[in-house]
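Where a number appears in this text, it was derived from the coordinates with a stated rule and is not lab data. This one's a predicted model, so the numbers in the text were calculated from it and none came from an experiment. Glycine gets a Cβ as well: all are built from the backbone with ideal geometry, and neighbour counts include every protein chain shown.
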Amino acid sequence: MDGYKPQQLSTFALTLFNYETEINKEKVSVDFWDTAGQERFNNMHPSYYHQAHACIIVFDTTRKITYKNLPNWLKELREYRPEIPCLCAANKIDVDVSVTTKSFNFAKKHNMPFYFCSASDGTNVVRLFKDAIRAAVAYKNNSTDFMDEIMRELENFELETDKKDNEVDSGLDSTGNSDEQKQTAS
């Protein structure tokens, strides 16, 4: 994100991007899933929501239909991830800056942070994504969602298993005595 590069490409079905960062002095690996809003890809969306910890819901300020689709997209998301934080972005403000004087009530109605952005020139893009990452980490660390709790337990189990697999038997007991020392002392 620090090296933001504007692009003019539309998303087709799904674009994946991995980003490494640090939040509260902890390394975080973030997978961004940029899904297409086109109706022909709707049946693919549920698989994208699995283990999502935040959502940025975006509409195109030059295409009114995308704003009208926001309630449908949010409803679908909430079926699979009812509690994750959502942020709302009005994209393409570079095309007509006057849209930044308009009021878009969707975000306010659904209690979401709202951002005017331009993916083309980078306006507010880094800020939006950094805020989304912070919200996702906070959610993941404090989630009470049943599936999140299971996934957290599995991650802890994997960490414990990996730790045990990596431990090397030094031949010493907890007091620092070797097997040979124990036999001599007996």
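Details
- Counting Lys and Arg as +1 and Asp and Glu as -1 over every other residue whose Cβ lies under 15 Å from the Cβ of I84, the net charge comes to -2.
- Among T21, T62, T101, sorting on how many other beta-carbon atoms sit within 10 Å of each Cβ, with the fewest leading, yields T101, T62, T21.
- Each Cα pair under 8 Å and six or more residues apart adds its sequence gap; the mean of these over the residue count of the range 14-165 is a relative contact order of 19 percent.
- Counting every other Cβ atom within 10 Å of each residue's Cβ, T123, T144 order from fewest to most as T144, T123.
- Going from the fewest other Cβ atoms within 10 Å to the most, the residues L74, L87, L154 appear in the order L154, L74, L87.
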